[in-house]
Structures are given as structure tokens and as C-alpha cells.
Amino acid sequence: MNKRIVRVPIDSVGDVYGYSMIEYHMEFTEAINKLLKSNNINFKLQSMSYGGEYLDSDWRVLFKIERGE
């Protein structure tokens, strides 16, 4: 199997007040998929968030990577 390391840039979001976790993980997923595509890596990242019912509740994000089509 051919292995390739792709470095993911670190991006600090700083203060997250008013920044939706849904927006964050969707933007992150989109950025990773662009990075994979630009490096000709035939995989696709999917993400789903849950939790955060209340302002002080924790969010969980489930990431799944599969071979692209």
C-alpha cells in the first residue's frame, strides 16, 4: 500500500463566541477535502456534529474518512 503524509495547517479560531461549531467543522471538512483532492489522494472526509444543546454543553464531532468515488 502506498502511504502519503499530508500536513494539515494549524488554524486557531481564537474566541469562539458567536462562531457555530457546525460552521467550524463544515469549513474544516471542506478544507481537508480540498487538500486531499489537490494532493491527488482518493479519499473523502465526512463529519457530523452533535451535542451542544445548551450554551455550556460540550460538542462532539464525528469524522469519517472513506475512499473517494
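Taken together, the values in this text are just the output of simple stated rules run on the coordinates, not laboratory data. All of these numbers come straight from a predicted model, not from anything done at the bench. For neighbour counting, all protein chains shown are included, and Cβ atoms are generated from backbone atoms with ideal geometry for every residue, glycine included.
Brief remarks follow.
- Of all residues in segment 53-63, exactly one satisfies the criterion of being out of contact with any helix residue (DSSP H, G or I) (no Cβ under 6 Å at 6 or more places or on another chain) and in contact (Cβ under 8 Å) with a residue 24 or more places away in the chain, namely 63.
- Scan of segment 42-59 for residues that are of a type outside the set (Phe, Trp, Tyr) and more than 16 Å from the chain's Cα centre (by Cα), ordered by number: 42, 51, 52, 53, 55, 56, 57, 58
- Scanning segment 43-66 for residues that are surrounded by 11 or more Cβ atoms within 10 Å (Cβ to Cβ) and part of a loop (DSSP other than H, G, I, E, B) returns a single hit, 52.
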